[in-house]
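Colleague: Quick one: the structure is below, and I'll ask about it shortly.
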Amino acid sequence: MKELPKIYEPQKHEDEIYQNWEKSGFFNPDNLKGEPYSIMMPPPNVTGVLHLGHAMENSLMDIMARYQRMQGRKVLLLPGTDHAAVATQAKVEKLLMEKEGYRNPRQELGREKLLEKIKDFAENSKSTILNQIKKMGTSCDWSRLAYTFDETRSKAVNKVFEKMYTDGLIYRGYRVVNWSIKGQSTVSDDELVYIERPGKLYTFKYSKDFPFAIATTRPETKFGDTAVAVHPRDKRYQKYIGKIFEIKNFGEEKGTELKIKIIADEAVDPQFGTGAVGVTPAHSFTDFEMYEKQKAANNPIEIIPVIGPDGKMNEKAKSFQGISVQEAREKLIQWLKEKKLLEKEEDLLQNVATSDRFGDVVEILPMTQWFVAVNKEIPGRGKTLKQLMREAIAGGLNGNPAQKITVTPARFEKIYFNWIDNLRDWCISRQIWWGHRIPVYYCERGISNIQSSISPKEEKCSKPIVSSKIINKCPHCGGKIIQDPDTLDTWFSSGLWTFSTLANTPEQIKLENGKFIIDNKDFANFYPTDWMQMGSELLFFWMARMILMSAYVLDEIPFRDVYIHGILRNEKGQKFSKSLGNNIDPLDISHQYGTDALRLSLVSGIAPGQDSHFYEDKVKNAGNFVNKLWNISRYIIQKTKEQKEIEKIKKENLNSSDRWIAKKMNTLIGEVSTNIEKFNFSLASEKIQTFIRNDFADWYLEASKFEENKNEKSFLLKTILEDGLKLLHPFIPFVTEYIWKLLGKEKLLLIEKWPDKSIYKSLSKINDADDFELIKEIIIAIRNIRQENKIEPGKKINAIIYGGNFTKFIQENETLIKKLRTGVENLKLSKEGKEIKKAAKKIIAGKIQIYVPLEEIIDIEKQKKNTRAEIENLQKYISNLKIRLKNKDFLKKAPTEIVQKEKENLIRAQEKLKKLEKYSV
RNA sequence: GGGUGAUUAGCUCAGUUGGUUAGAGCACUUCUCUUACAAAGAAGGGGUCAGUGGUUCGAGUCCACUAUCACCCACCA
């Protein structure tokens, strides 16, 4: 025990401490008592390893979980991973192509074998990730570990699909979607990355006979034009509205035949281009919307796709068939030029949508896909999914404030609403293999009949069957049945995460009479979850979908509070990314400085929703603090005697420093608690660190070395250290737990109760007259005098203190004043009034004057200068105060306690000024 | 085009519903190996809170405009 090393070495203890926590069983809420509190950890994608951002998220969640556990709540922090459909398949395919020489893994391996490869990769990546989460000290319940692709979660996916399908909210429809040619799959709107690149705006006429020109950046799609839209009030074109123009040979001799209807649409900007827009319903979202509008208005236009899923022109483009869009564009422009139909060619910058996962330019194509209808009324609920998503944040589901999600910081609510307003039906089918297969089956007979006429006998077979169980033959005709080959968008399963994770077995998930049920205690206990944190980039991807799913499936919000954190950036303000090559492995940092230092540095200087900077100096600093704490503890463990019980503490034995530190501690406990509860993690950690460093170590502990009441001191030193460890535990769990053990505690700090303010409150009764702050100021003043006057370090000095009312109090603290690095040999106390010619002086608190008579050393000029500056400063302050206090409006309107405070300030400042002037050299 | 955020010490950032003379860490200056800690301690220096106007008894904090930077959404026919 006596041989504790000077330097704390985190690497030596962390793994063992984590194992002890795990073994204790207290990560599992079943072994805890109290009110339930739950956080579902956002499942990291099984695409690779954890980065710093994950490390920060783990820290935030673990701080919250540990804090709540110490508050005496039954805490569930549930870990898991996400199969990340497209992202994982794209990654593995890329690896197979780059590392193993495959050219087209899907073709060469086939569905089963490729899936096996992806699965191997995912499992491997999963175990790495889980180890990293452990290394971060995350106090999550491993017995409830979940995976979006495991049996239980898959069942939830299928059941929810079934429910939505039955409610008519999931439908199969022919609509335009984002299509990745490279990935041969649909891509979600949110997974698009826009890149800016130079393009050209062409103004041309379809034919010589066509009455006006239109503008486009994508001429090759014009083979699919079926209308031209103009603004309804545009005088130039009003006369054409409703007319149909037939263009015989577009693109070449014996070319494509176009039938162009002139339609009116408010969306057209008369100022842009020629004010007339070629409408290509098959290859543009806005044009498709016009197509739907026209259909609804009973004035339909056609939809003609001219680009195929292979990214090449199709047969509608006649001899252009089979060539790429780029080539087609050039060829068509050439033709337009020859025919003198091209009127203008302008350079412009355009945004091109690319697929985030596959990296190629995305084509917009019409296809038959599965969609979630967000604007359709939910049967029996009288509102749409969109409305549910809005309600959950606006005022609470069904107007119930208990079902309202609070977003921190609140400004993200606006962004969320804005997104919801622009939301289109959600395309949920993907043509990749890694993911939840769509639980829909078709009878082979039915499929072949879909296009042709259906005889009444076969009608049943033509209807798709939705089933969460695997079906082998058609229940109607007994014939061969096939499952829909597509898989679900990964966000479909992530959307269920907050509740699908609460089922422990597939059997607990049921769909009874259209009602989705998780039949177990966990669900009853822990839902809705209490807290969720995520980066702002997940607001739409994930948060919105969790709200949609939870509100629809369970009629409950998924979580009560959501905290949006910013992005971590490096010293230069750059994002950490693979492409920049500036990634930092959190494990490297943890290895070098310890996990505690890493965690502390990750939450220091962060503010909700605000990007934060991370650099090694920050970790170094945090590591220094950990080491400081270690040394404080080391001293207290080695130097203090046995500890008294609170009952045996004699209040009359307490010194002013004791009462002072108790008062500070009382405030601190409150501050740390409220800051954590308000998600101000950085502030909370800053407060406790400042207290430990400055108040506790530099003053209280130093003072304790020279004070007499050893029993009370020991009690306070140990108690404050212990409670300080508790306050720090959520932030730096390892070192605090380690010291806790060295203090001889048998119970783990992990489940200790959060410190109680009341002990400190009862010990801190202070009358103003003996505030330790005054002693501190006297000591600082004397040290300052020494430093300013360059008094030799070892030289003893004399000091005279004037200050009538305080004489007795100062006398009591004489030893402290002498010993605490002031080098005072003789301390004279005197009633005020006597003047000393040559002395260094300080006046503090407007009441106490300190003289150090050092005739031969003192730099009189410097003294004078300092005093003058101080006087000037004070005069300015006083005159400001006077003006304020003369102001009738101030006196009338400001709260009385503010006025009172200002009056006291004035008196104090005036006293100080008087003394400064009186005793100035 | 619409929106959001940022602008506070040399650097990185705090600053909670407006209320003492605006804070921290790093860096800087000076001093100290004092028996918990030199990965430390002591004492300092450094700021017209981006600019302009307004509201208020009182503005870093609220409002408007401007500037610069960053980000998000939509559109680019």
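The values are calculated or read from the model by the stated rules, or taken from the named source; none is laboratory data. Just so you know, these numbers come straight off a predicted model, no measurement behind them. When we count neighbours, we look across all protein chains shown, and the Cβ atoms used for this are built from the backbone with ideal geometry, even at glycine.
Colleague: Is there a residue in segment A:239-256 that is outside any strand (DSSP E or B), aliphatic (A, V, I, L, M) and farther than 30 Å from residue A:430 by Cα?
Modeller: Step one: of segment A:239-256, the residues outside any strand (DSSP E or B) are A:239-243, A:251-255.
Remaining after also requiring aliphatic (A, V, I, L, M): A:241.
After this cut, where a residue has to be farther than 30 Å from residue A:430 by Cα as well, the list is A:241.
There is at least one residue in segment A:239-256 that is outside any strand (DSSP E or B), aliphatic (A, V, I, L, M) and farther than 30 Å from residue A:430 by Cα.
Colleague: Another question, if that's okay. Would you confirm, using the coordinates I've provided, whether residue A:577 is more than 6 Å from RNA strand B (Cβ to nearest atom), out of contact with any Ser or Thr (no Cβ under 7 Å at 6 or more places or on another chain) and of a type in the set (S, T, N, Q)?
Modeller: Spelling it out, residue A:577 is indeed more than 6 Å from RNA strand B (Cβ to nearest atom), out of contact with any Ser or Thr (no Cβ under 7 Å at 6 or more places or on another chain) and of a type in the set (S, T, N, Q).
Colleague: Could you count how many residues in segment A:292-330 are touching a residue at least 12 places away in the same chain (Cβ under 8 Å), closer than 19 Å to residue A:247 by Cβ and in a helix (DSSP H, G or I)?
Modeller: Adding up the residues that qualify gives 7.
Colleague: Continuing with this model, one more query. Residues of segment A:720-748 being aliphatic (A, V, I, L, M) and within 21 Å of residue A:673 (Cα to Cα), which ones?
Modeller: A:720, A:721, A:725, A:727, A:728, A:732, A:735, A:748
Colleague: Sticking with this structure for a sec: Of all residues in segment A:245-301, how many are closer than 18 Å to residue A:175 by Cα, surrounded by fewer than 21 Cβ atoms within 10 Å (Cβ to Cβ) and of a type in the set (D, E, K, R)?
Modeller: Total meeting the criteria: 4.
Colleague: Another question, then. Checking the conditions here, which among A:866, A:880 is outside any strand (DSSP E or B), of a type in the set (S, T, N, Q) and near RNA strand B (Cβ under 8 Å from one of its atoms)?
Modeller: Answer to the check: A:880.
Colleague: Now a separate question. Condition first: assigned to a helix (DSSP H, G or I) and under 26 Å from the mean Cα position of the chain (by Cα). Now tell me which residues in segment A:140-155 satisfy that.
Modeller: Within segment A:140-155, A:142, A:143, A:144, A:153 meet the criteria.
Colleague: Yes or no: segment A:175-188 includes at least one residue that is aromatic (Phe, Trp, Tyr), within 15 Å of residue A:362 (Cα to Cα) and within 12 Å of RNA strand B (Cβ to nearest atom).
Modeller: Step one: list which residues in segment A:175-188 are aromatic (Phe, Trp, Tyr), which gives A:179.
From what is left, the residues that are within 15 Å of residue A:362 (Cα to Cα) are A:179.
Checking which are within 12 Å of RNA strand B (Cβ to nearest atom) leaves us with none.
The answer is no, given that none of the residues of segment A:175-188 is aromatic (Phe, Trp, Tyr), within 15 Å of residue A:362 (Cα to Cα) and within 12 Å of RNA strand B (Cβ to nearest atom).
Okay, residues lined up against (1) aromatic (Phe, Trp, Tyr); (2) modelled with pLDDT under 95:
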{"residue": "A:5", "(1), (2)": "no, yes"}
{"residue": "A:17", "(1), (2)": "no, no"}
{"residue": "A:24", "(1), (2)": "no, no"}
{"residue": "A:27", "(1), (2)": "yes, no"}
{"residue": "A:45", "(1), (2)": "no, yes"}
{"residue": "A:62", "(1), (2)": "no, no"}
{"residue": "A:65", "(1), (2)": "no, no"}
{"residue": "A:79", "(1), (2)": "no, no"}
{"residue": "A:85", "(1), (2)": "no, yes"}
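Colleague: What is the number of the single condition among (1) touching a residue at least 60 places away in the same chain (Cβ under 8 Å); (2) of a type in the set (Asp, Glu); (3) loosely packed, with under 15 Cβ neighbours inside 10 Å; (4) not in a loop (DSSP other than H, G, I, E, B) that residue A:363 does not meet?
Modeller: Failed condition: (3).
Colleague: For segment A:102-139, which residues satisfy the criterion of being polar (S, T, N, Q), in a loop (DSSP other than H, G, I, E, B) and crowded, with 19+ Cβ neighbours inside 10 Å?
Modeller: Within segment A:102-139, the first condition is being polar (S, T, N, Q), and the residues that meet it are A:104, A:107, A:124-125, A:127-128, A:131-132, A:138-139.
With the extra rule that they be in a loop (DSSP other than H, G, I, E, B), the set shrinks to A:104, A:138-139.
Across segment A:102-139, the qualifying residues are A:138, A:139.
Colleague: Okay, moving on. Which pairs have Cβ atoms under 8 Å, sit 6 or more apart or on different chains, and link a residue in segment A:274-288 that is near RNA strand B (Cβ under 6 Å from one of its atoms) to one that is part of a loop (DSSP other than H, G, I, E, B) and of a type in the set (A, V, I, L, M)?
Modeller: A:277/A:268; A:286/A:267
Colleague: If residue A:663 satisfies every condition in (1) surrounded by 14 or more Cβ atoms within 10 Å (Cβ to Cβ); (2) of a type in the set (D, E, K, R); (3) within 12 Å of RNA strand B (Cβ to nearest atom) but one, which is the exception?
Modeller: (3)
For (1) more than 18 Å from residue A:69 (Cα to Cα); (2) touching a Phe, Trp or Tyr at 6+ places or on another chain (Cβ under 8 Å), each residue gets a yes or a no:
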| position | (1), (2) |
| --- | --- |
| A:676 | no, yes |
| A:689 | yes, yes |
| A:694 | yes, no |
| A:704 | yes, no |
| A:710 | yes, no |
| A:722 | no, yes |
| A:742 | yes, no |
| A:748 | no, yes |
| A:761 | yes, no |
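Colleague: Another one. Within segment A:675-687, is even one residue assigned to a helix (DSSP H, G or I) and within 27 Å of residue A:778 (Cβ to Cβ)?
Modeller: yes
Colleague: While we're here: Residue A:8 - would you say it is among the hydroxyl-bearing types (Ser, Thr, Tyr) and part of a helix (DSSP H, G or I)?
Modeller: Taking the combined requirement at face value, the residue does not satisfy it.
Colleague: Ok, one more. Quick one: would you say residue A:737 is assigned to a helix (DSSP H, G or I), away from RNA strand B (no atom under 16 Å from the Cβ) and of a type in the set (D, E, K, R)? Talk me through it step by step, then tell me what you get.
Modeller: On the way: assigned to a helix (DSSP H, G or I): yes; away from RNA strand B (no atom under 16 Å from the Cβ): yes; of a type in the set (D, E, K, R): yes.
Here the answer is yes, as residue A:737 does meet what is asked.
Colleague: Inside segment A:520-561, can you point out the residues that are within 16 Å of RNA strand B (Cβ to nearest atom) and hydrophobic (A, V, I, L, M, F, W, C)?
Modeller: The answer is A:534, A:538, A:539, A:540, A:541, A:542, A:543, A:544.
Colleague: For residue A:439, only one of the following conditions fails: (1) surrounded by fewer than 16 Cβ atoms within 10 Å (Cβ to Cβ); (2) modelled with pLDDT of 95 or more. What is its number?
Modeller: Among (1) surrounded by fewer than 16 Cβ atoms within 10 Å (Cβ to Cβ); (2) modelled with pLDDT of 95 or more, residue A:439 violates only (1).
Colleague: Test residue A:658 against the criterion of being among the acidic types (Asp, Glu), surrounded by fewer than 21 Cβ atoms within 10 Å (Cβ to Cβ) and in a helix (DSSP H, G or I), and give yes or no. Show your work before the answer.
Modeller: Values: among the acidic types (Asp, Glu): yes; surrounded by fewer than 21 Cβ atoms within 10 Å (Cβ to Cβ): no; in a helix (DSSP H, G or I): yes.
When the stated conditions are applied, residue A:658 does not pass them.
Colleague: Any idea which of (1) under 27 Å from residue A:331 (Cα atoms); (2) in a strand (DSSP E or B); (3) out of contact with any Ser or Thr (no Cβ under 6 Å at 6 or more places or on another chain); (4) in contact (Cβ under 8 Å) with a residue 40 or more places away in the chain is the one residue A:186 doesn't satisfy?
Modeller: Only one criterion in (1) under 27 Å from residue A:331 (Cα atoms); (2) in a strand (DSSP E or B); (3) out of contact with any Ser or Thr (no Cβ under 6 Å at 6 or more places or on another chain); (4) in contact (Cβ under 8 Å) with a residue 40 or more places away in the chain is unmet by residue A:186, namely (1).
Colleague: Filtering segment A:325-352 down to residues that are in contact with a helix residue (DSSP H, G or I) (Cβ under 9 Å, 6 or more places away or on another chain) and within 30 Å of residue A:86 (Cβ to Cβ), which residue is farthest from RNA strand B (Cβ to nearest atom)?
Modeller: Filtering segment A:325-352 for residues that are in contact with a helix residue (DSSP H, G or I) (Cβ under 9 Å, 6 or more places away or on another chain) and within 30 Å of residue A:86 (Cβ to Cβ), the one farthest from RNA strand B (Cβ to nearest atom) comes out as A:327.
Colleague: Do the conditions hold for residue A:90, that is, is it crowded, with 23+ Cβ neighbours inside 10 Å and modelled with pLDDT of 95 or more?
Modeller: no
Colleague: Could you tell me which numbered condition residue A:632 fails, if it satisfies all but one of (1) within 14 Å of residue A:693 (Cβ to Cβ); (2) of a type in the set (Val, Ile, Thr); (3) more than 7 Å from RNA strand B (Cβ to nearest atom)?
Modeller: Exception for residue A:632: condition (3).
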